[in-house]
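Please read the structure below before turning to the comments.
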Amino acid sequence: MQPWQTRQDGLSRVGLQDSAEGETVRITARVDYAVRAALELAAVAPEAMTSERIATAQAIPSRFLQAILRDLQHARLVTSQRGREGGYRLALPPAEISLARVMRVEQGFLADVHGERPEDLDYPGPASALATVWVAARASYRRVLEEVTLADVVAGRLPAHVSELVELEDAWRSFGDIPAR
């Protein structure tokens with residue numbers, strides 16, 4: 001299974017690993033589907049696209065896509081129109097919608113620890129500074145996802161700091177791919 005592929009039940013997760021530490025950032029299938037659906041809409045903006053075309057183009061199970069599109073409508077990121085010229089369209093220009101904004105519709109906080117915000121954690125003893133590390137990790141994650149828009153991804157032009165991150169030697173390797181030191 002490729003990293004971008006998910007099971008039909010939508011319960012699998014796409015794992016992005018920080019190769020230096022072995023920690024995994026989990027992106028649920030539902031979040032992955034939501035971002036991919038929004039990207040399909042961004043690619044045809046301001047035109048509309050049917051859910052069937054989105055599902056086919058991105059290999060998203062139809063029942064999950066319908067629920068995701070409803071969520072995106074409730075969040076006022078997507079509108080729908082019935083009829084011959086109907087379908088779904090973005091409610092805002094693609095350049096005004098960050099990946100983080102789409103992700104939050106499906107998962108709430110971008111980063112949490114056992115369902116808690118990192119800043120709300122209080123660890124005892126030697127782990128007392130750990131919440132600060134989780135906050136820093138969230139800030140780094142946010143810096144990418146808040147600043148990359150749907151328009152950036154569709155155009156294949158990412159902000160400079162994001163492009164620099166993917167140029168790092170170990171950016172494309174998972175933790176298990178790095179030889180032991």
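L16: modelled with pLDDT under 95 and in contact with a strand residue (DSSP E or B) (Cβ under 8 Å, 6 or more places away or on another chain), yes or no? Yes; evaluated as a whole, the condition is true for this residue. Of the residues screened, L150 is one that is surrounded by 13 or more Cβ atoms within 10 Å (Cβ to Cβ) and under 25 Å from E52 (Cα atoms).
Take the stretch 38-60 and flag every residue that is in a loop (DSSP other than H, G, I, E, B), out of contact with any helix residue (DSSP H, G or I) (no Cβ under 7 Å at 6 or more places or on another chain) and either surrounded by 14 or more Cβ atoms within 10 Å (Cβ to Cβ) or not hydroxyl-bearing (S, T, Y) (or both).
P46, E47, A48, A59
So R173 ticks every box in (1) part of a loop (DSSP other than H, G, I, E, B); (2) surrounded by 13 or more Cβ atoms within 10 Å (Cβ to Cβ) but one. Which box is left unticked? For R173, the exception is condition (2). Scan the stretch 111-119 and give yes if some residue there is under 15 Å from the mean Cα position of the chain (by Cα), farther than 25 Å from V44 by Cβ, among the acidic types (D, E) and modelled with pLDDT under 90, otherwise no. Checked against the condition, which is being under 15 Å from the mean Cα position of the chain (by Cα), farther than 25 Å from V44 by Cβ, among the acidic types (D, E) and modelled with pLDDT under 90, the stretch 111-119 yields at least one hit. Out of curiosity, is L90 buried (at least 17 other Cβ atoms within 10 Å of the Cβ) and more than 30 Å from A136 (Cα to Cα)? Taking the combined requirement at face value, the residue satisfies it. For A95, are the conditions met, namely being touching a residue at least 40 places away in the same chain (Cβ under 8 Å), hydrophobic (A, V, I, L, M, F, W, C) and surrounded by fewer than 15 Cβ atoms within 10 Å (Cβ to Cβ)? So A95 passes the test. Scanning the stretch 67-85 for residues that are on the phi < 0 side of the Ramachandran plot and surrounded by fewer than 12 Cβ atoms within 10 Å (Cβ to Cβ), we see that the one that is farthest from the chain's Cα centre (by Cα) is R84.
Okay, residues lined up against (1) touching a residue at least 12 places away in the same chain (Cβ under 8 Å); (2) outside any loop (DSSP other than H, G, I, E, B); (3) touching a strand residue (DSSP E or B) at 6+ places or on another chain (Cβ under 9 Å):
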| site | (1), (2), (3) |
| --- | --- |
| A111 | yes, no, yes |
| V135 | yes, yes, no |
| R138 | yes, yes, no |
| R143 | yes, yes, no |
| R157 | no, no, no |
| V162 | yes, yes, no |
| E169 | no, no, no |
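Within the stretch 61-97, can you find the residues that are charged (D, E, K, R) and not in a helix (DSSP H, G or I)? Across the stretch 61-97, the qualifying residues are R76, R82, R84, E85, R89. Of the residues making up the stretch 116-164, those that are of a type in the set (G, A, S) and over 21 Å from A34 (Cα atoms) are G125, A127, S128, A129, A131, A136, A137, A139, S140, A160, S163.
The values are calculated or read from the model by the stated rules, or taken from the named source; none is laboratory data. Note that the structure is a prediction, hence the values are computed from the model and not measured. Here Cβ is always computed from backbone atoms with ideal geometry, including for glycine, and neighbour counts include all displayed protein chains.
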